[in-house]
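No lab work stands behind these numbers, since they all come straight from the coordinates. The shown structure was predicted, so the numbers you read here are calculated from the model rather than taken from an experiment. For neighbour counting, all protein chains shown are included, and Cβ atoms are generated from backbone atoms with ideal geometry for every residue, glycine included.
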């Protein structure tokens with residue numbers, strides 16, 4: 001199985017309102033409720049692609065119960081969340097019916113006690129031996145040490161398990177130094193890590209900081225991969241309109257599924273770019289449109305070159 | 001005991017953000033979670049005033065469980081919510097740290113099945129004989145007939161139980177025709193019911209439509225009461241600054257507690273106006289500031305006259 005870690009697992013709510021106007025009252029016409037957090041999104045896309053996946057992280061309170069109940073219904077997905085006293089955070093995406101624009105509110109997440117963090121580390125060590133790859137995704141809830149991902153990267157490497165890190169800020173900086181196999185920053189995260197806004201230069205710099213390979217997700221410009229095997233760019237045919245929430249998570253699922261299936265880098269990047277664009281095109285945030293995905297697979301342009309041996 | 005009915009009981013969330021800006025992302029710095037809906041707020045204030053209170057309505061889903069868990073902790077308050085398949089709605093109040101202004105989002109509430117509505121009517125009939133007064137409060141969730149409050153008013157009257165109705169729109173219009181003992185509209189609700197924006201005229205018109213007594217809550221202008229026993233105005237000493245959420249519910253609790261304690265109309269109105277202003281002054285929406293309440297009690301001006309016998 002593929003293991004995904006979401007330390008700040010969320011209950012994602014999408015609210016539809018006519019138009020958000022600060023300091024007034026709004027009737028919400030539609031509420032969509034689903035488990036979220038980057039690693040959970042990655043897990044759901046992997047399961048939809050036919051991979052067995054285990055999702056871990058923390059679950060507590062009423063929101064945690066709602067997350068568990070809904071994950072239990074996803075085929076091929078095993079939920080291995082560690083119980084905690086606090087309640088999982090909610091995120092709220094408020095979508096304006098008139099413009100389609102989204103306003104986001106993110107709760108901070110539960111306070112994690114040192115014993116709860118210890119229980120998570122034990123569970124992670126138990127899960128690693130059965131994992132073909134692991135994805136470490138998203139922000140850290142309060143109480144989890146800022147160097148958490150560096151620990152988790154080292155543990156995966158000690159077990160010889162391929163490890164992908166997708167986070168930001170100081171947790172990314174420290175995690176990269178522990179030499180993960182792959183990181184997937186977006187343009188902002190890459191610039192924050194390296195200080196450079198020039199994607200190719202920043203990507204090369206991120207490798208020098210410790211990442212074996214870097215796949216930068218550059219929105220409508222597609223993906224830029226810098227790896228020991230070569231450099232590539234994967235670009236969708238046209239700009240896709242829609243909601244970009246979860247597009248990066250779908251790219252991570254594309255990269256990991258391609259890795260465990262033994263695809264070449266260009267084929268992995270094609271899949272990742274097609275899934276990412278098909279997620280933007282989907283009506284519900286964080287889901288991908290399967291028809292769009294299959295149609296896009298044949299239309300992703302990959303250019304680049306293999307490194308000299 | 002005093003019975004309060006909240007057909008659209010809610011889990012009220014208060015989010016603190018720096019400043020709400022549409023179409024951007026926000027970190028929520030503080031989350032406060034409490035059971036809400038007008039009748040629940042009335043019940044909590046009655047309990048705080050030392051009255052035994054029973055709250056009924058519907059509870060379902062994870063939000064319903066959270067509401068029940070928290071109501072169980074309130075002294076003097078008995079929870080008699082009827083289980084339903086759907087989940088209780090959430091309301092979200094987003095408070096700007098910079099300005100103190102609030103943006104409100106209200107979910108619509110669960111779909112109530114005809115058998116669930118039937119189960120509620122049975123529970124209500126069971127509770128009425130032990131009630132000294134009943135308050136029917138707030139909006140109707142989907143599936144509850146628009147004439148629901150008219151039914152509940154008639155059932156209370158058949159049991160000889162004093163019944164107060166506090167709702168708006170068509171449910172208020174129909175409920176008033178069933179001749180409740182008291183309604184407590186705000187200025188907008190009163191204008192919608194009667195077509196008149198002149199409070200005294202509108203209040204008199206509301207009585208002709210069926211309400212035995214009317215206490216209109218007019219914000220900073222205090223309360224206007226038109227009853228068979230006389231007409232009064234109760235006015236706080238100065239404009240109180242703060243969050244008006246729940247001020248009307250505190251006024252309802254003041255009126256009902258005064259009624260069952262046998263207070264005169266002027267004393268009931270004094271209590272209701274003081275509680276209402278002390279709710280605006282409280283830092284948390286829907287709670288009242290006890291020190292402010294006790295201090296305000298001596299400073300409410302009541303003017304008016306007793307009707308000729």
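Things to note:
- Extension gain from residue B:104 to residue B:305, taking 0.36 nm per residue of separation minus the Cα-Cα distance: 68.4 nm
- When only alpha carbons are used to place a centre, the range B:243-289 and the range A:91-161 end up 46 Å from one another.
- For chain A, built as a Gaussian network whose Cα springs stay under 10 Å, the top-fluctuating residue of A:291, A:14, A:227: A:291
- For residue B:154 and residue A:200, a Förster radius of 56 Å and the Cβ-Cβ distance give a FRET efficiency of 0.15, rounded to the nearest 0.05.
- Note: relative contact order over the range A:99-223, using C-alpha pairs below 8 Å and six or more positions apart, is 19 percent.
- Take residue A:143, move 7 Å from Cα toward the beta carbon, and the resulting point lies 3.6 nm from the same point in each other copy, nearest first.
- Inter-copy label distances at residue B:16, using a point 7 Å along Cα-to-Cβ, come to 3.5 nm with the shortest given first.
- Neighbour counts of C-beta atoms inside 10 Å place A:5, B:28 in the sequence B:28, A:5, starting with the fewest.
- Among beta bridges from DSSP that stay inside the range A:46-205, the antiparallel ones total about 25%.
- A Förster distance of 25 Å, applied to the separation of the beta-carbon atoms of residue B:208 and residue B:188, puts the FRET efficiency at 0.80.
- Of all the options B:123, B:18, B:154, the one that moves most in a Gaussian network model of chain B with Cα springs shorter than 10 angstrom is B:18.
- Tensor-based shape of the range B:59-109 (alpha-carbon gyration tensor, a/c under 1.5 rounded, otherwise prolate or oblate): oblate
- The separation of the range A:1-32 from the range B:176-226, counted between C-alpha centres, amounts to 38 Å.
- Between B:29, B:213, B:139, the GNM of chain B built on Cα springs shorter than 10 angstrom shows B:29 fluctuating the most.
- Sorting A:197, B:159 from the fewest to the most surrounding beta carbons within 10 angstrom yields A:197, B:159.
- Percent antiparallel among DSSP beta bridges (both partners in the protein assembly as shown, rounded to 5): 40
- Sorted by Cβ density within 10 Å, fewest first, the residues B:38, A:305: A:305, B:38
- Translational diffusion of the range A:30-171 was estimated from the Stokes-Einstein equation, with Rh taken as the Kirkwood radius over Cα pairs; at 37 °C and 0.692 mPa s the coefficient is 203 µm²/s.
- Antiparallel beta bridges, as assigned by DSSP with both residues in the range B:115-272, represent about 45 percent of the total such bridges.
- Per-residue [θ]222 nm for chain A (sum of -39500 (n - 2.57) over DSSP H runs n ≥ 4, rounded to 500): -11000 deg cm²/dmol
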